[in-house]
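Written out below as structure tokens is the structure these notes cover.
The values are calculated or read from the model by the stated rules, or taken from the named source; none is laboratory data. Computed from a prediction, not measured in an experiment: that's the story for all the values here. Note: ideal-geometry Cβ built from the backbone for every residue, glycine included; neighbour counts use all protein chains shown. Ligands, DNA and RNA are stripped out before the accessible areas are found, and what is left, the full protein with its side chains, is counted by its heavy atoms. Shrake-Rupley method; radii C 1.70, N 1.55, O 1.52, S 1.80 Å.
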Amino acid sequence: MSEKSKTPSDRGAKGSPLVGVVMGSDSDAEALRPCLDTLTEFGIPYEVRVISAHRTPDAAHEYARAAADRGLACLIAAAGGAAHLAGVLASLTPLPVIGIPIKTSSLGGIDSLLSTVQMPAGVPVATVAIGKAGPVNAAILAAQILALADAGLRKKLVAYKARLADRVAEADRNLSFDPSLDPEALDGEALDGRKPDA
């Protein structure tokens, strides 16, 4: 993807994009893949842009100001280091903005996290985690925002949460059972193998 591109890249489900996914550099594309895959899983149409808050500030301002009028309902912004992209977008749009702090080689993403989350009062950015969970949670949060006005999407989210619970329950069932921790299996012996005092 090129920062010079003026045309949004429409992806995901068919229909006009509802979520704008913006990254500060095309080097962030691979980290954002789980976010895009999750949006697709929920059938949410999205567009993808590469816009830098520092290198292409005019494009960032133009995109944020036009987003709501173009029919977008939510923005997801990912950036690393001096990660001001989400904050810049949030300052210029009435839409909810979700920030993804990208992991960096210098400070492990702490710089990105603080740059994204530490916003002044009145300009919120809903910031998710550094690492693999962050992009997925950004998509889930976007879905939850959209589901406020979409009963079908809300049902998909309920089913998704149920699948998460089922996975945990299955993992619990599959745990190896240690009979030494079962009082009934001890048959009168203490855990150290000695007979308890009479």
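Summary of computed values
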read-out: Pair list, Cβ under 7 Å, 6 or more apart: segment 69-96 residue among the hydroxyl-bearing types (Ser, Thr, Tyr), other residue part of a loop (DSSP other than H, G, I, E, B); value: SER91/VAL123; THR93/ALA68
read-out: One residue from ALA138, ALA142 being open to solvent by less than 40 Å² (accessible area, probe 1.4 Å), at negative phi and in contact with a helix residue (DSSP H, G or I) (Cβ under 6 Å, 6 or more places away or on another chain); value: ALA138
read-out: Hey, ALA129 assigned to a loop (DSSP other than H, G, I, E, B), within 15 Å of the chain's Cα centre (by Cα) and not hydroxyl-bearing (Ser, Thr, Tyr) or not; value: yes
read-out: Residue among ALA147, ALA171 that alone is open to solvent by 50 Å² or more (accessible area, probe 1.4 Å) and either among the small types (Gly, Ala, Ser) or at pLDDT 95 or above (or both); value: ALA171
read-out: Breaking point among (1) out of contact with any Gly (no Cβ under 6 Å at 6 or more places or on another chain); (2) of a type in the set (D, E, K, R); (3) touching a residue at least 60 places away in the same chain (Cβ under 8 Å), for ARG49; value: (3)
read-out: Pick from segment 13-27, criterion among the small types (Gly, Ala, Ser) and surrounded by fewer than 23 Cβ atoms within 10 Å (Cβ to Cβ), ranking: modelled with the lowest pLDDT; value: ALA13
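The rows are residues; the columns are (1) under 19 Å from ARG55 (Cβ atoms); (2) crowded, with 24+ Cβ neighbours inside 10 Å; (3) modelled with pLDDT of 95 or more.
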| site | (1), (2), (3) |
| --- | --- |
| ARG70 | no, no, yes |
| ALA78 | yes, yes, yes |
| GLY81 | yes, no, no |
| LEU85 | yes, yes, yes |
| LEU89 | yes, yes, yes |
| LEU95 | no, no, yes |
| SER106 | yes, no, no |
| LEU114 | no, no, yes |
| VAL117 | no, no, yes |
